[in-house]
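Participant: Below is a structure I'd like to ask you about.
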Ligand code: TEU
Ligand code: CA
C-alpha cells in the first residue's frame with residue numbers, strides 16, 4: 001500500500017516541473033495515508049518504509065556551492081540528486097537549513113520558517129524537495145528545538161524585561177552571591193556547557209543569568225512552558241505540510257530539565273548528559289508531540305539521544321509508547337573516546353558487545369539505527385578504519401560500509417564516507433572553524449592547562465571539522481565543491497586530487513561502487529532489515545562474523561553470513577557448525593571466493609557477504 005502511495009506521488013511529479021507545478025505538488029504531499037489494515041508482520045516486526053530505508057546525511061554548508069560564495073547551498077544539493085539516486089540511498093537527512101547567524105553552523109536557529117540566506121530561498125527548498133520526491137526519495141530535516149539562537153525573536157523579547165510574555169520561554173535565574181566580588185554574582189548552578197565554561201550567561205539588562213547547555217548564542221528553551229511546546233509543534237506542522245517526511249531531532253532528550261535545576265553531584269559531573277537527558281517530563285513531552293503532530297503524518301523520526309543508555313532507549317523507541325521511531329545511541333560512535341578529544345583504546349569484542357546488546361534489549365516493537373559517523377565525529381575511515389595507505393583506506397572503508405549496511409537497524413551514512421574521505425591534516429589552530437574547538441582552546445590552552453601541540457593533535461584526531469570539509473567531487477580546483485575563483489568556507493582536504501567522486505565513478509572497484517552494491521544488497525533482501533541477527537563469535541578479537549536470517553512461511557529462507565576482518569593482519573576463521581559459506585555475493589577483495597569452505601582465509605581488512 002505504501003509503495004503504491006509513493007508510486008502515485010511519482011506519477012504526479014514529472015522530472016521537469018515548472019516551479020509552480022513543483023510548488024503545488026510539494027504542498028499537497030505526505031498526509032497520513034487513510035487508515036489501512038495493518039500490513040502483516042514480518043518476522044514479528046511491523047513493516048515501515050523508514051525501517052527499510054538507507055539514509056544519507058547532507059551537511060549543506062559543505063556539499064556543493066552553486067553560486068561561488070564558498071558556501072554549499074540548496075541548489076547545490078538539487079544538482080547532485082542523480083548522484084545520490086545512483087548511490088541508492090532513499091532518504092536524505094538535511095542538517096539545519098534555517099535562518100541562522102551560524103554560531104554553530106545552523107544549530108542556532110533565528111527563524112524556523114525561513115531558509116538560511118547563504119543556502120538559498122524557500123523557492124530553492126521547494127524545488128529541491130520536489131526533485132527529491134520525483135526520484136522516489138524522501139527528505140527528513142533537522143529539528144533543533146532544545147535551544148534557539150539568541151537572535152531568535154522569542155529570545156530578543158525574553159531578555160528585554162523580566163515581565164515580558166516571552167520571559168518564561170527560556171531559563172532565567174538570579175546568580176549566587178559572590179563574596180569575593182559582590183558586583184559579579186556567580187552562576188545559579190554548576191552546570192558546564194558542552195562548549196566549555198559555565199552553562200550560564202549573565203545578562204546585564206535584567207541582571208539575571210540564562211541557561212545555555214551549548215554556546216552562549218544557543219539559549220535553552222523552557223519546554224515546561226506549554227506555549228513553547230505549542231510554538232514548536234506549529235513550526236513542525238509548517239514543514240510537514242510542505243511535504244517533508246520527518247525529523248532528525250537534535251539533543252532531544254535534553255528538552256526536559258531537572259526540576260529546580262540543582263547542582264550536579266560530583267558523580268554526575270563526570271557525565272552531565274546523563275542526568276540532563278533524563279528529566280522527568282521527557283517522555284511526556286515526546287508523547288504530546290506525537291499526539292499533536294507526528295501521528296497525523298506518515299513520517300520518520302530519529303532522536304539524537306545524547307546521554308541515553310540502552311535501557312532508556314527502549315522506552316523512547318517502543319512503538320507502543322508513541323514517542324519516536326528510533327534514536328541515535330552514542331555507544332558505538334564514541335567507544336574510542338575518553339573525555340574531550342582523548343583517545344581510548346577499543347577492542348572488537350567491545351564493539352560486538354554493543355551491537356549484540358542492542359539486539360538483545362530492543363524487541364519487536366522497537367527499532368534501532370546504525371551509524372558510525374556524522375557531522376560531529378571524525379571521518380568514518382579515519383576513525384574506525386585505516387587511512388594509513390591508499391590500499392588499506394579503500395579496503396577498510398568498504399569493510400565499514402559492509403558492516404553498516406548489514407547490521408540490524410536503519411543505516412545512516414554521512415556524506416563523503418561513500419568515497420572514503422578522510423580526516424583533514426590539521427596542524428594549526430587557525431585551520432579550525434568549529435566553536436567547540438575554539439572554546440576548548442580558550443579553556444585549555446590559554447589557561448596553560450594543555451600544551452598547544454597536544455591540543456591541536458587531539459582536535460585533529462577527533463574534531464568535528466574533520467567531517468565538515470567540503471565534498472570532494474572532482475580533481476578540479478576546490479575539488480569541484482565551489483567554482484575555482486571561490487574560497488571555500490573551510491579548506492578542502494588536499495587529498496581531493498586522488499579521492500573524489502569523479503574518479504570513483506570512473507572506477508568500478510571504488511569505495512563508491514562498492515557502497516552502491518552494498519546498498520543494493522540491503523534493498524534486495526528483507527533479511528537485512530527484519531531478519532534475525534546472530535553474532536557467531538563474540539570474543540574473537542579480529543573477526544566480526546554474524547548472520548542475518550529470515551524464514552518466512554511459504555518463501556525460501558534468506559540466510560546471509562557477513563565476515564569482517566578488522567585489521568591489517570590476515571586471519572584464518574573457522575565457521576561454527578551449521579554455517580557454511582555457500583555462495584559469495586559481496587566482497588571487497590576480488591577473486592577470494594572460498595565458496596563451500598568451512599575455514600576462511602581473510603586478507604587485511606577483508607569483508608565478505610555469503611549466502612549460506
Ligand atoms: O550535537 C550534540 C552532541 O551530542 C555532540 O555530539 C556535540 O557535537 C559535541 O560533541 C558536544 O561536545 C548536536 C548537533 O549534532 C551538533 O552539531 C550541535 O553543535 C549540538 O547538538 C548543538 O545543537
Ligand atoms: Ca553558495
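Every number in this text was worked out from the coordinates using simple rules, so none of it is lab data. Computed from a predicted structure; not experimentally measured. All Cβ positions, glycine included, derive from the backbone under ideal geometry; neighbour counts span all protein chains shown.
Participant: Only counting other Cβ atoms within 10 Å, I'd like 108, 69, 430, 507 sorted with the fewest neighbours first.
Facilitator: By the 10 Å Cβ count, ascending, the order reads 430, 507, 69, 108.
Participant: For a protection proxy built on the mean count of beta-carbon atoms within 10 angstrom, sort 251-264, 469-482 highest first, please.
Facilitator: Final packing ranking: 469-482, 251-264.
Participant: Can you compute the modelled spin-label distance between residue 114 and residue 295, with each label point 7 Å from Cα toward Cβ, in nm?
Facilitator: Output for this residue pair reads 3.5 nm.
Participant: Going highest first, how would you order 362-369, 44-51 by mean Cβ packing within 10 Å?
Facilitator: Highest-to-lowest ranking by the protection proxy: 362-369, 44-51.
Participant: Defining a contact as two alpha carbons under 8 Å apart and six or more residues distant in sequence, what relative contact order in percent does segment 328-430 show?
Facilitator: It rounds to 26 percent for segment 328-430.
Participant: Of 319, 498, how do they rank once you tally other Cβ atoms within 10 Å and put the fewest first?
Facilitator: Numbers: 319 16, 498 10.
Neighbour counts put them in this order, fewest first: 498, 319.
Participant: Let me ask you something else. Would you work out the relative contact order for segment 149-220, in percent, from Cα pairs under 8 angstrom that are 6 or more residues apart?
Facilitator: Reported as a whole number, the value is 30 percent.
Participant: Highest first, please rank the peptides 306-314, 483-491 by the mean number of other Cβ atoms sitting within 10 Å of their residues.
Facilitator: Result, highest mean Cβ count within 10 Å first: 306-314, 483-491.
Participant: Multiply the residue gap between residue 315 and residue 391 by 0.36 nm, knock off their C-alpha separation, and tell me the result in nm, one decimal place.
Facilitator: Separation in residues times 0.36 nm, less the Cα-Cα distance, equals 23.1 nm.
Participant: Here's a follow-up. Rank the residues 212, 460 as a footprinting-exposure proxy: fewest other Cβ atoms within 10 Å of their Cβ go first.
Facilitator: 460, 212
Participant: Related question: Only helical DSSP H runs with n ≥ 4 go in: add -39500 (n - 2.57) per run for the chain, normalise by residue count and round the 222 nm mean residue ellipticity to 500 deg cm²/dmol.
Facilitator: -8500 deg cm²/dmol
Participant: Further, regarding this structure: Between residue 38 and residue 335, what is the label-to-label distance in nm when each label sits 7 Å out along the Cα-to-Cβ direction?
Facilitator: So the two model labels end up 3.3 nm from each other.
Participant: Right, something else. Run the numbers on segment 532-611 and let me know its relative contact order in percent, using alpha-carbon pairs under 8 Å that are six or more apart. Write out the running numbers ahead of the final one.
Facilitator: Working: 165 pairs, mean separation 24.2, N = 80.
Normalised by residue count, the contact order of segment 532-611 is 30 percent.
Participant: Taking Cα atoms, how many degrees apart are the long axis of helix 348-361 and the longest axis of the chain, rounded to 10 and kept between 0 and 90?
Facilitator: Once rounded, one gets 80 degrees.
Participant: Related question: May I ask for log10 I(q)/I(0) of segment 532-611 at q = 0.16, 0.25, 0.26 Å⁻¹, from a Debye sum over the Cα atoms as equal point scatterers with solvent left out?
Facilitator: -0.56, -1.28, -1.37
Participant: For residue 450 and residue 595, compute 0.36 nm times the residue count separating them, minus their Cα-Cα distance, and round to one decimal in nm.
Facilitator: Working it through step by step, the gained length comes to 46.8 nm.
Participant: At 7 Å along the Cα-to-beta-carbon direction for both residue 168 and residue 205, put a label point, then send me their distance in nm to one decimal.
Facilitator: That separation, rounded to one decimal, is 2.0 nm.
Participant: Would you mind calculating the gained length between residue 582 and residue 429 on full extension (0.36 nm times residue separation, minus the Cα-Cα distance), in nm to one decimal? Could the numbers behind the result be given before it?
Facilitator: Numbers: separation 153, 0.36 × 153 = 55.08 nm, distance 5.26 nm.
Fully extending the segment from residue 582 to residue 429 adds 49.8 nm.
Participant: Next up: Output needed: percent of Cα pairs per 20 Å distance bin for the chain, bins running from 0 to the one holding the longest distance.
Facilitator: Spelled out bin by bin, the chain gives 19, 54, 25, 2 percent.
Participant: Given R₀ = 45 Å, FRET efficiency for residue 123-residue 498 by Cβ-Cβ distance, to 0.05?
Facilitator: 0.75
Participant: Can you tell me the 0 to 90 degree angle between the C-alpha axis of helix 390-406 and the longest principal axis of the chain, rounded to 10?
Facilitator: Between helix and principal axis, roughly 80 degrees.
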